[in-house]
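Below is one structure, written out as structure tokens; the observations come after it.
The values are calculated or read from the model by the stated rules, or taken from the named source; none is laboratory data. Remember, predicted model here, so these are calculated numbers, not experimental data. Cβ: placed from backbone, ideal geometry, glycine included. Neighbour counts: every protein chain shown.
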């Protein structure tokens, strides 16, 4: 009996291995995300559902956001460098005419072995690095590489246009691809989960090339209508440059103006 069972198990395993070695089916059996899901579902409806999933109006029009966690940054040879403290303070704008320009106020600070290794701040008019005010050309380049996700909060406003692009996969999850065009013509591409309408990715052109961010490990806090991605992986031209893990957030708390000047 044991020999018969072993033989049967071997047949099952062999069949499973054979099935895995078969080529994909033909065009009459399209693979996941190869065709447009729900073609009558408009880009606007998808963004509306993504907004509701993320927290609704409190997510669409937040006042401030504080994030803290840590970061893994990669040297040119791929060596990981751990910044044990990575924090961001953000005062959001009331409107956003350009997707990739600095707006509102922001401070980004990252420490490795207790020392500040990254510092960038914007007070609403001037940009600051670790050594003081940056010239406009350097500041514009820095912010063009950092601002992009927030345009989806304004995508339903007048002056913005939305279009569906081919569906795709993000980390194996089927997504709707939505292109947001701001009033200046700048385009930003989002990947929105078919399953629950979570925003799983964003991509846009920067001075460094094509920039993409992948979002995962979402979480919430009791009583706060806000879904926070806990992990963000950042790529330039397909190569991962760093990833940030946000372990805590605070929404709509007061932030003094002095935060957004020098270190």
* **Pair list, Cβ under 8 Å, 6 or more apart: the range 186-215 residue closer than 15 Å to residue 53 by Cα, other residue modelled with pLDDT of 95 or more and assigned to a loop (DSSP other than H, G, I, E, B)** => 192/198; 198/227; 200/171; 215/198
* Do we find that residue 223 is surrounded by fewer than 13 Cβ atoms within 10 Å (Cβ to Cβ) and either closer than 29 Å to residue 79 by Cα or in contact (Cβ under 8 Å) with a residue 24 or more places away in the chain (or both) in this structure? -> no
* From the list 91, 180, 117, which residue is in contact with a helix residue (DSSP H, G or I) (Cβ under 8 Å, 6 or more places away or on another chain) and under 24 Å from residue 241 (Cβ atoms)? -> 180
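Listed here are the residues, each with its yes/no results for (1) part of a helix (DSSP H, G or I); (2) more than 29 Å from residue 164 (Cα to Cα); (3) modelled with pLDDT of 95 or more.
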site: 3; (1), (2), (3): yes, yes, no
site: 17; (1), (2), (3): yes, yes, no
site: 23; (1), (2), (3): no, yes, no
site: 28; (1), (2), (3): no, no, no
site: 32; (1), (2), (3): no, no, no
site: 38; (1), (2), (3): no, no, no
site: 48; (1), (2), (3): yes, no, yes
site: 53; (1), (2), (3): yes, no, yes
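For (1) in contact with a strand residue (DSSP E or B) (Cβ under 8 Å, 6 or more places away or on another chain); (2) closer than 23 Å to residue 182 by Cβ, each residue gets a yes or a no:
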position: 23; (1), (2): no, no
position: 35; (1), (2): yes, no
position: 39; (1), (2): no, no
position: 58; (1), (2): yes, yes
position: 104; (1), (2): yes, yes
position: 111; (1), (2): yes, no
* Asked: Which of the residues spanning the range 215-241 are under 17 Å from residue 191 (Cβ atoms) and part of a loop (DSSP other than H, G, I, E, B)?
  -> 227, 238
* To do: Spot the failing condition for residue 171; the list is (1) buried (at least 21 other Cβ atoms within 10 Å of the Cβ); (2) out of contact with any helix residue (DSSP H, G or I) (no Cβ under 9 Å at 6 or more places or on another chain), and only one is missed.
  => (1)
* Asked: If you go through the range 60-79 one residue at a time, do you hit one that is under 21 Å from residue 165 (Cβ atoms) and either assigned to a helix (DSSP H, G or I) or at pLDDT below 95 (or both)?
  -> no
* Asked: Just checking, which of 40, 51, 64 is touching a helix residue (DSSP H, G or I) at 6+ places or on another chain (Cβ under 6 Å) and under 30 Å from residue 157 (Cβ atoms)?
  -> 51
* Verdict on residue 244 being assigned to a strand (DSSP E or B) and surrounded by 14 or more Cβ atoms within 10 Å (Cβ to Cβ) -> yes
* Asked: Looking at the range 98-211, what strands (runs of 3 or more DSSP E) fall wholly within it and have at least 2 residues that are within 14 Å of the chain's Cα centre (by Cα)?
  -> 173-181, 187-193, 199-206
* Evaluate the range 248-262: report whether one residue or more is at pLDDT 95 or above and closer than 29 Å to residue 37 by Cβ. => no
* Just checking, which of 191, 129, 148 is in contact with a strand residue (DSSP E or B) (Cβ under 7 Å, 6 or more places away or on another chain), crowded, with 18+ Cβ neighbours inside 10 Å and more than 23 Å from residue 94 (Cβ to Cβ)? -> 191
* **Failed item, numbered, when residue 208 is tested on (1) in contact with a strand residue (DSSP E or B) (Cβ under 9 Å, 6 or more places away or on another chain); (2) at pLDDT below 95; (3) surrounded by fewer than 19 Cβ atoms within 10 Å (Cβ to Cβ); (4) closer than 19 Å to residue 103 by Cα** => (4)
